[in-house]
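J.: To start, I am sharing the structure in question, which I have written as structure tokens.
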Amino acid sequence: MITEEQMRAIVQHHLEGTRHFLVDVEVRSGDKVVVEVDDPQAITLEQLVLLNRAIRAELDEQGLDCELQVSSPGMGRPFKVPAQYTKHTGRLVVVKLEDGRTLEGRMEGDGQGFSSPPAGDPEQSERQSGQNGRQRAGAPLGRDPIHTSQLKVQLTVP
């Protein structure tokens, strides 16, 4: 059975020289391995297929038999690595803090900060549950322990 560490090493090897980055590796029961990769711009289906084939070939060479799934994390999924924060700079995000507060705002400063939307802005609002207080504009995200962060998906109807 392959370990998560072995799989991470194999994936990282195949990501060298690309702009792609590893988001997550999960080894599930039944020898199923789920790999999530992304790109600062966007990763294409073709790129995912090529990566899947390269990883599969290496697994076969090493005699490691498993069911392999390579995909992108998806828009509504929580962020797992710093590169995802950077990727979404300037976009609306939802941040759930460990203390129970939920904040909505724009990712700033190359993914290192967070700004709350202006008061009264009907499309962007900050929701809080739990403790009082607003996240100040430009505040570093590392200031408060983050439970989850994810892109806020907005649909506009013409």
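J.: Is there any pair linking a residue in the range 23-46 that is touching a residue at least 24 places away in the same chain (Cβ under 8 Å) and on the phi < 0 side of the Ramachandran plot to one that is of a type in the set (Ser, Thr, Tyr) and not in a strand (DSSP E or B), with Cβ under 6 Å and at least six apart or on different chains, and which?
T.: Correct list of pairs: ASP38/SER72; ILE43/SER72.
J.: Shifting gears a bit: With respect to LEU51, determine if the residue is at pLDDT 95 or above and among the hydrophobic types (A, V, I, L, M, F, W, C).
T.: yes
J.: Yes or no: GLY63 within 20 Å of GLN150 (Cα to Cα) and either surrounded by fewer than 15 Cβ atoms within 10 Å (Cβ to Cβ) or touching a residue at least 24 places away in the same chain (Cβ under 8 Å) (or both)?
T.: On the way: within 20 Å of GLN150 (Cα to Cα): no; either surrounded by fewer than 15 Cβ atoms within 10 Å (Cβ to Cβ) or touching a residue at least 24 places away in the same chain (Cβ under 8 Å) (or both): yes.
In short, no.
J.: Regarding the range 75-86, can at least one residue be identified that is surrounded by fewer than 12 Cβ atoms within 10 Å (Cβ to Cβ), at pLDDT below 85 and on the phi > 0 side of the Ramachandran plot? First the steps, then the outcome.
T.: Restricting attention to the range 75-86, the residues satisfying the condition of being surrounded by fewer than 12 Cβ atoms within 10 Å (Cβ to Cβ) are 75-76.
Next, only the ones that are at pLDDT below 85 stay: 75-76.
With the extra rule that they be on the phi > 0 side of the Ramachandran plot, the set shrinks to none.
Scanning the range 75-86, I find no residue that is surrounded by fewer than 12 Cβ atoms within 10 Å (Cβ to Cβ), at pLDDT below 85 and on the phi > 0 side of the Ramachandran plot, so the answer is no.
J.: Related question: Going by the structure shown, is GLN12 within 27 Å of SER149 (Cβ to Cβ), out of contact with any His (no Cβ under 8 Å at 6 or more places or on another chain) and modelled with pLDDT of 95 or more?
T.: Against the criterion (within 27 Å of SER149 (Cβ to Cβ), out of contact with any His (no Cβ under 8 Å at 6 or more places or on another chain) and modelled with pLDDT of 95 or more), GLN12 qualifies.
The values are calculated or read from the model by the stated rules, or taken from the named source; none is laboratory data. None of the values given here were measured: they were computed from a predicted structure. For neighbour counting, all protein chains shown are included, and Cβ atoms are generated from backbone atoms with ideal geometry for every residue, glycine included.
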